[in-house]
Each structure stands twice: as C-alpha cells, then as structure tokens.
1. Arrange the following residues from fewest to most other Cβ atoms within 10 Å of their Cβ: E41, E5, E22.
2. Sticking with the crude label model, points 7 Å out along Cα→Cβ, report the distance from R20 to R46 in nm, one decimal please.
3. Report, by chain and number, residues whose modeled amide H sits under 5 Å from the one on A56, excluding near sequence neighbours (fewer than 5 apart, same chain).
4. Extending each Cα 7 Å along its Cβ direction at S29 and A55, get the distance between those two points in nm, one decimal.
5. With θ set to phi - 60° and the Karplus curve 6.51 cos²θ - 1.76 cosθ + 1.60, what are the ³J(HN,Hα) couplings of the range 32-47 in order, to the nearest whole Hz, using x for Gly and Pro?
6. Where nothing but the Cβ of Lys and Arg (+1) and of Asp and Glu (-1) is charged, how large is the charge dipole of the range 6-95 around its Cα centre, in debye to the nearest 20?
7. Arranged by the count of other C-beta atoms within 10 angstrom, fewest first, what order do W10, W63 take?
8. Net charge near E22: determine it from the other residues with C-beta under 12 Å of the C-beta of E22, scoring Lys and Arg +1 and Asp and Glu -1.
Amino acid sequence: MKEYERQVFWLDYFSSELKRSEGRRVPLSIATRAPTLQELEEACRRLGLQPIPAAARRPGASWRASGYVSVVKTKPKAGALVRIARTLATVRGDGQKGKPPGQKKHEAPAKT
C-alpha cells in the first residue's frame, strides 16, 4: 500500500555518474560518485528524516542495481534533495580515514 506521509529518494538522484536525463536530480556540483544505500540512510538519519532503506531497481532503469530510502514527507521535495545531497557528501567525507583535513583527493601529502 502506498504511504502518503512519506517521500522516496532513489540513489540515482544523487549519483554524479548519471546525467540528468538518466535520473540524477541534484546539481553535479553537489552530487556524489556512486553513493551507497548505507550512506544515503545515514545522511537522512543525520537530518532527522526517519529513513527506511530498501534495495530495489528503479523503474525506467531496471538494468541498474539501486535502492531508495523512504522518509517522512517534507515540503518542498527539491529542497530536501539538496539538503540530503550536501549531507551525503559529509557522510562520505567522514568515512574517509587517513587523509589530513584540507588535503584534496588527488593531492600528494605535504612533505615535512
């Protein structure tokens, strides 16, 4: 049964590997490369959205393994997409260990 008090956010909405025509719904500047369902769930949890994750294949892209989280409805959905995308980048950053703060991804460590 459809839950009208909840909204669905697919992983594809946040993937920088997809074009907008392929399902990405956030600007490329805040999109995440290959987000995982666990990262999306954690981002929604940090925003207090009470996520319920589910592994599934998105209609229209059934050849691609994906997933979604169902969260408490917020208005507008576009604003929630941007907040989740920014928090998703933070979650991804927290998961990277061994890199000093301020060092870019492809930058060599500073010599001392």
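Just so it is clear, none of the values below were taken in a lab; they were calculated from the coordinates. Keep in mind the model is a prediction, meaning the values are calculated, not measured. FYI the Cβ positions are ideal-geometry reconstructions off the backbone, even for glycines, and counts take in every protein chain you see.
1. Numbers: E41 19, E5 7, E22 12.
Fewest-to-most ranking of E41, E5, E22: E5, E22, E41.
2. It is 2.6 nm.
3. Here S66, G67, Y68 satisfy the definition.
4. Each label point is offset 7 Å from its Cα along the Cβ direction, giving 3.6 nm.
5. Running phi through 6.51 cos²θ - 1.76 cosθ + 1.60 with θ = phi - 60° gives 10, 6, 6, x, 9, 5, 5, 5, 5, 4, 5, 4, 5, 5, 5, 8 Hz.
6. Values: 17 positive and 7 negative charges, 76 e Å.
Using only the charged Cβ atoms, the result is roughly 360 debye.
7. Taking fewest neighbouring Cβ atoms as first place, the list is W63, W10.
8. Values: positive: K19, R20, R24, R25, R58, R64; negative: D12, E17.
Neighbourhood net charge equals +4.
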